[in-house]
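The values are calculated or read from the model by the stated rules, or taken from the named source; none is laboratory data. Treat the numbers as computed from the prediction; the structure is a model and nothing was measured. Counting neighbours? That spans all protein chains shown, and the Cβs are built from the backbone with ideal geometry, glycine included. Accessible surface is based on the protein model in full, side chains and every heavy atom, while ligands, DNA and RNA are left aside. Shrake-Rupley method; radii C 1.70, N 1.55, O 1.52, S 1.80 Å.
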Amino acid sequence: EETQRLRAEEARHAERERIAREMHDVLAHRISLLAVHAGALQVRRSATEEERAAAEVIRQHAYAALEDLREVIRMLRSPGSDDDRPQPVLADIPALVEQSRRAGMQVELAGLDPEREVPESVGRHGYRIVQEGLTNARKHAPGVPVRVSLSTVDGEVPGLVVEVTNDLPPAAADADRLPGAGTGLIGLRERVEVVGGRLEHGPTPDGTFHLRAWLPWRA
């Protein structure tokens, strides 16, 4: 039994190494090219100020993606190691929304009360839900305004409600949509269920796509 356990552990470790190598070889190369081309666009004489600003946003996010990729690879190669990076909290959501605005999205943020104390873990999950909601809107409804709403619910089981809403894009916009693996919402559902919350998402009769999560203060 011990030999079988060790063999299984060795196989998992080998698979982690293989995934890490593939991620580095493929993604790092593509992201690096993206950063290089964005930098070249910034210094092009014929580029307008808007094009230079957009290129700077692309370049910054490309470098940030490379840093995230390195961190993921480090975790894959070192299973069991603790991630000691500071985790985002609810107060970081305005900065997240501003990043999306600088990237060209129309995002409205409502209902965030910076004075309201929210448990750190709830705030972290709320941040990730907004992040995934904005990513999905950018992929599947480019150019469509997005509304992010956060509110607290008091009562017997107090909690945080996170909502991300956008109009459904016209069928003609399908060609402009970015590809997606469809795992983002699955990951969100797992994240919400772990803390005892609820997640609802999908198109509504009024022609919008609505993502709503409720996170209790305590699991």
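For the reader, a short list of remarks on this structure follows.
- Residue in the stretch 44-54 that is farther than 30 Å from V144 by Cβ, surrounded by fewer than 13 Cβ atoms within 10 Å (Cβ to Cβ) and at pLDDT below 80 present: no
- Residues of the stretch 180-194 satisfying the condition of being at pLDDT 80 or above and among the β-branched types (V, I, T): V192
- Candidates V157, V144, V118: the one that is in a loop (DSSP other than H, G, I, E, B) and modelled with pLDDT of 85 or more is V144.
- Note on the stretch 102-115: among residues that are of a type outside the set (V, I, T) and modelled with pLDDT of 90 or more, the one that is least open to solvent (accessible area, probe 1.4 Å) is A110.
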